[in-house]
1. Could you pull out the GluC sites (Glu not before Pro) across segment 42-121 that fall in loop regions by DSSP (anything but H, G, I, E, B) with no more than 11 other Cβ atoms inside 10 Å?
2. If I compute solvent accessible area with a 1.4 Å probe over the protein chains, what percent of it on the chain is carbon and sulfur?
3. Based only on the alpha carbon positions, what is the Kirkwood hydrodynamic radius of segment 286-431, in angstrom?
4. When Lys and Arg each count +1 and Asp and Glu each count -1, what net charge do the other residues less than 14 Å away from D465, Cβ to Cβ, add up to?
5. List the pairs from K135/K354; K47/K368; K354/K430 whose alpha-carbon separation is above 30 Å, in the order I gave them.
6. Distance from the Cα centre of segment 419-494 to that of segment 171-201, in angstrom?
7. Can you pull the percent of Cα pairs in the chain with separation above 41 Å?
8. Could you work out how far the C-alpha centroid of segment 203-242 sits from that of segment 271-304, in angstrom?
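The values are calculated or read from the model by the stated rules, or taken from the named source; none is laboratory data. Keep in mind that this is a model prediction, so the values were computed, not measured. All Cβ positions, glycine included, derive from the backbone under ideal geometry; neighbour counts span all protein chains shown. In case anyone asks, the SASA skips ligands and DNA or RNA and just uses the protein heavy atoms, side chains included. Shrake-Rupley method; radii C 1.70, N 1.55, O 1.52, S 1.80 Å.
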Amino acid sequence: MPDFDLAIIGGGINGVGIARDAAGRGLKVVLVEQNDLASGTSAASSKLIHGGLRYLEHGALWLVRAALAEREVLLRMAPHLIRPLRFVLPLDAARRSPLLIRLGLLVYDCIGRREILPPSRAVDLLTDEAGLPLKRAFHDGYEYSDCFADDARLVVLNAVDAAERGATIRTRTRCVRAERADGWRLTLNAQGRREVVTARVLVSAAGPWVGMVAETVLRQPPPRRLRLDKGSHIVVRRLYEHERAYLLQAADGRVVFTIPFERDFTLIGTTDRNFSGDPAAVMATAEEMDYLCGVVNEYFRTAIAAVDAVWAFAGVRALYARGTRKAQDVGRDYVLILDRRSRAAPLLTVYGGKLTTYRRLAEAALAKLSHFFPPSQPWTAESRLPGGDFTYDGAPALIARTQRRWPFLTADHVRRLIAAYGTRVDNILKSATRLDDLGMRFGADLTAAEVRYLMAKEWAQTGDDVLWRRSKLGLRFSDAQRAMLDRFMAQAGT
Ligand code: FAD
């Protein structure tokens, strides 16, 4: 008897999404992640839950439609992590025909199931506050809806839910060898300790490492159709006052987003470049940072430069290339390849995908594997992620309730906690009656109570796990504060 029904390599959004769905169907699941959860591409996305307006230009109507439908499903599933976001698109007839844009937005409004998100509309940039930060040349624009998500926490909370439904989640555990017979025998390296687990079915959800896993873990030939494509973002001090994002048309035909981020910052991205090498070493280059600043400077009155970036990050997509086209043109949808040789244990490999469609991808993966397991039904469309058991517009009420119950917290602190933990904030604050009851303070508004919770319930082991993946407090921490947090966690973890 194998130890597990299903073993999953990769703790990015696709791996944890499959783990959660499978565990909810009663399967015995183990997921191994070589580093921290969301340490790969899944924390380096543009963080949009979107159809992808620009994919309409490539005729990817079905991909856009499926992704648009997921926006409200995910918004209801995780109202703490995901929020509706309006995008302002300043018109520049030299870059794209305004008529074409209007048409594209009409399609965007109509093909996506939409009960919550408002439709697109024209914006007069001479009178609307969205025009204020822009150069005078931009008179007209359109505004449309998508959603913004905390990508890394979406990964972590899927893993939390999977674990609560019985899955075994092993972080800092690399799968170094997978031997195939009538079942799988996986050799794991857990921070120097060697272990072996067995499973009936194996899923490789290793994102941009999928080729490396094929070659070095499964000892298979490298996947021929795999293409790696890199994108970088920068974060600068807040560029403007209001809460809308901009979609800027660049001279090279691409688009660049500017998104209000973590209250005091603006997230700008992304670039799109072919990539080769180790995805772990991917970094935003000076040339990419200049490119992003250049596009922003064409539109905004206040100019920015690469030195203004307080943070930069890059991620790598694994794309399943259908031809030899440019990176932008390669399909952004997922491809699931099931290898089911007779008398050999099945292997499912995940290529590509979007944060937006991870839940659908997980359902499709379980459907592909349905022959090997007892019959089960899809269940995640109506489900809630941990802490997300309130309505999509219920955050203000939850914030008010939390503020009443723990009046010693500042409004910004409460807002941050609700955006991260939703109703599970109670499990951190418990019976505290003053700030000191939450223990040591490390910097910004991070307390020992929150860090202990993250270590006990969300697999946080290092300062970076807390500061960059369980939160974005890294934007506000000094080196000394970071070192203090690392020391505290090292002691608390022993
Ligand atoms: P990953 O998140 O990379 O996870 C794979 C994991 O496997 C890694 O954590 C890695 O450590 C682990 N792993 C690898 N090998 C092993 C091993 N041997 N043992 C154990 N673990 C292993 N999508 C959207 O919907 N909206 C967006 O706005 C958006 N923006 C994007 C912007 C950029 C620049 C990029 C690159 C992508 C963007 N995407 C977006 C796409 C989305 O981010 C990805 O599709 C998604 O994150 C891929 O998740 P994954 O789980 O497949 O891969």
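1. E115
2. 52 percent
3. Here the Kirkwood hydrodynamic radius works out to 20.6 Å.
4. Residues near D465 contribute +2 overall.
5. Check vs 30 Å cut-off fails for K135/K354; K354/K430.
6. First find each Cα centre; the distance between them is then 32 Å.
7. Counting pairs separated by more than 41 Å, the tail of P(r) holds 18 percent.
8. Measuring centre to centre over Cα atoms gives 17 Å.
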